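To start, the structure under review is shown below, and the notes come after it.
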Amino acid sequence: MEIVRLLETRFENAIRQAMPEASPPDDLLIRPSQNPDFGDYQANFAMPLGKKLGKSPREVAAAVAAQLQVDDLCEPPEIAGPGFINLRMRQKFLTDSLATMVRDARLGVSQPSRPLTIVIDYSSPNCAKPMHVGHIRSTVIGDALCKILRFLGHRVISDNHIGDWGTQFGMILYGYKNFLDSKAYAISPVTELGRLYKYVRKLIDTQAAIARFESGELAKKIAGAEANVAALEAALAAAEASGDKKEKAKAAKTLKKAAADEAELRAEAAKLESLVADAKADPKLARDLANHPGMNDRVLAETAKLHAGDAENCQLWDEFLPACRDEMERIYRRLHVTFDYTLGESFYQPMLANVVEDALAKGVAKATENAVGIFFTPDELAPPACDVPMLIRKKDGAFLYATTDLATIQYRVKEWNPDRILYLTDHRQGLHFQQLFAAVKKLGFPPVDLRHVSFGTVLGEDGKPFKTRSGDTVGLESLLDESVVRARAVIDASSNNVNDSNNSDDSGNDHPCDGNREEVGVKASMANDDPTTETEKAKIAETVGIAALKYADLSQNRTSDYVFSYDKMLAMNGNTATYMQYAYARVRSIFRKTEVDIETLRRTSSSISLDTAAERALALSLMQFEAALDHAASDSMPHHLAGYLYELAGAYSCFFEKCPVLKAESIALRESRLLLCDLVARTIAKGLELLGIEVVERM
């Protein structure tokens, strides 16, 4: 039951009746009240609407409230302050809505009147390289959005657009032909191919660094920066001598920036010098650098041969790909992530020449220095997106990511006729997608809502991109393994410190509530409720560990960077998967201590009692589930759902603390509270499921 949406409809009608000259605002600012003393919901639109109409907000609020038809939902509205409209839901509306949720497998969540077809492009790793920490955000955010949108009733098509044809294969092909360790390849093809990729990448980067170092370009820049700093120091001294404070401050600020620029150049030169020295000190690396000059051009040649259908390169590609795909699928199985389609770059290869020819024929693309690019004007794209063309064919005839992306959109529109396509990648690809979406418009593709759902970076404790101690990108599987090991330690520790009751909340959560302390005997009985077998503990550790890793990402605003911390993600308190799974297990433990058949109770219960503030607050929280889903879906922000589940667990903790369940005053009240507990467990389980996270019955 989406209360806000229901109230918005009623307010829109009231505004039209009270003020025919005014259109209802796009956002009526109807929000849950922060203080229950002021009601359950508050409408705050009167302030901006009054300003727009030149009327007193309180006058606007009174006029609208007089026309508002909400008797079936709320008590008479109250106007407060400068024009707030406070609303308190009627008890019968709440109990009737809860009764609907009890009997509804969808927990009262409605279906859309017009379902959308939405394609979600996410994860998208490059083949022949082990998946790393950089893939976790795209994978888990994309998977959660798929599940949420499907549950809301939309047709969702998930497509893992893997990199199985690009320049990285040129690196691997060259590495395979020149630096292969045959024994290592026989043992683990993907590991060896990953090593070859890194080694060829290192050779390319080292050659570029040596060329820059030996060119003297950086030394010239440093000399210029040094001279600039000297001149600015003189200017600062002159300003100090003149006594002009304003000029002195300006000169000091300019000098500070110039000195920082010089320091940055010197640090870069030192890094280059160190890299060159290390290369010369490593006999094998020095030999390979000497024997394989122009590595970048060699790799591009291997890539071009593959794209042109060279028999040897295509045969090797056919050999590499199955092992790479199997390795990826193994990781996805651990993450419980599946895709409807996995159509990589190679799938679109036969379409790329036509994409380029079509763009040229329409006059959208043109040749530029023997390559082909699509150009944009400032009217079409703001700088810097319009400053450079989007290349769709290189000088050597090879195609680019942009070419493949255009072919992919053409294919998806033709095959699936989507209303919307979401691309889950990090924020650094923002420029690419700005150009891509503008190119689609210029090319006259059928209209489709294209969205870049960007996200921030996973950081280490030092605030820099998360790396291993050696500076390598952290492998995704090693993250999963470590998370499971640490989850097992948490489970073993919690088994030795069981703490659960039906009227005590000493579990360390962040939602303590003052209240009665009864039924503490349940606490001791939890010792018999813990997982005991090694197999069960191992399974729970895998579930809890994977969940912790995923939820740590999903509980963050996706546009922000976040610091990776095992200790925080596995904490038994705060907004973590471990806490949420424990909250679910605690609710479910109540039903293992009663002979009530919950399925029968759902079918036969007459009503739910909401006579206490804690019961009412829990009811209101349960009824905000659909709003949380809508919010997460409309903004492509799964953290809204994670935040809602955490608040629901808090409302349950207060209810749990203040309202006896197993020792309720009557059978009717006991059954009512058992139904509330059941709704909480079902809502948490469904919410976590939509985030791609499993629950456990015991922890």
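A few points about this structure:
- Per residue value of the accessible surface for the chain (all protein chains in place, 1.4 Å probe), Å²: 46 Å²
- Residues in segment 42-47 carry Karplus couplings, in order, of 9, 9, 10, 6, 5, 5 Hz; the curve used is 6.51 cos²θ - 1.76 cosθ + 1.60 with θ = phi - 60°, and Gly or Pro positions show x.
- Structure-based [θ]222 nm, the chain - -39500 (n - 2.57) summed over DSSP H runs of at least 4, per residue, nearest 500: -19000 deg cm²/dmol
- 10 Å Cβ shell holding at most 12 others, DSSP loop, GluC sites (Glu not before Pro): longest site-free stretch of the chain: 22-368
- Charge tally in the Cβ shell below 11 Å around T95, where Lys, Arg are +1 and Asp, Glu are -1, T95 excluded: 0
- Cα extents of the chain along the three principal axes, largest first (Å): 87, 71, 66
- Share of pairwise Cα-Cα distances greater than 14 Å in segment 57-121 is 70 percent (whole percent).
- Note on the chain: with neighbouring protein chains present and a 1.4 Å probe, carbon and sulfur make up 52 percent of its accessible heavy-atom surface.
- For V109, net neighbour charge (Lys/Arg +1, Asp/Glu -1) across residues whose Cβ lies under 11 Å away: -2
- Cβ-defined net charge surrounding L674, 13 Å radius [Lys, Arg +1; Asp, Glu -1]: +2
- Translational diffusion of segment 627-667, estimated by Stokes-Einstein from the Kirkwood radius over alpha carbon pairs at 25 °C in a medium of 0.890 mPa s, is 206 µm² per second.
- For segment 1-105: Kirkwood Rh in Å [reciprocal of mean 1/r, alpha carbons]: 14.1 Å
- Close amide H pairs (under 5 Å, H built 1.01 Å from N) link I392 with V372, G373, I374, residues at least 5 positions away or on another chain.
- DSSP beta bridge pairing in the chain, given as percent antiparallel to the nearest 5: 50 percent
The values are calculated or read from the model by the stated rules, or taken from the named source; none is laboratory data. Just so it is clear, the model here is predicted, and its values are computed rather than measured. Positions of Cβ are generated from backbone atoms using ideal geometry, with glycine treated the same way; all protein chains shown enter the neighbour counts. Side chains included, ligands, DNA and RNA excluded: accessible areas come from the protein's heavy atoms. Shrake-Rupley method; radii C 1.70, N 1.55, O 1.52, S 1.80 Å.
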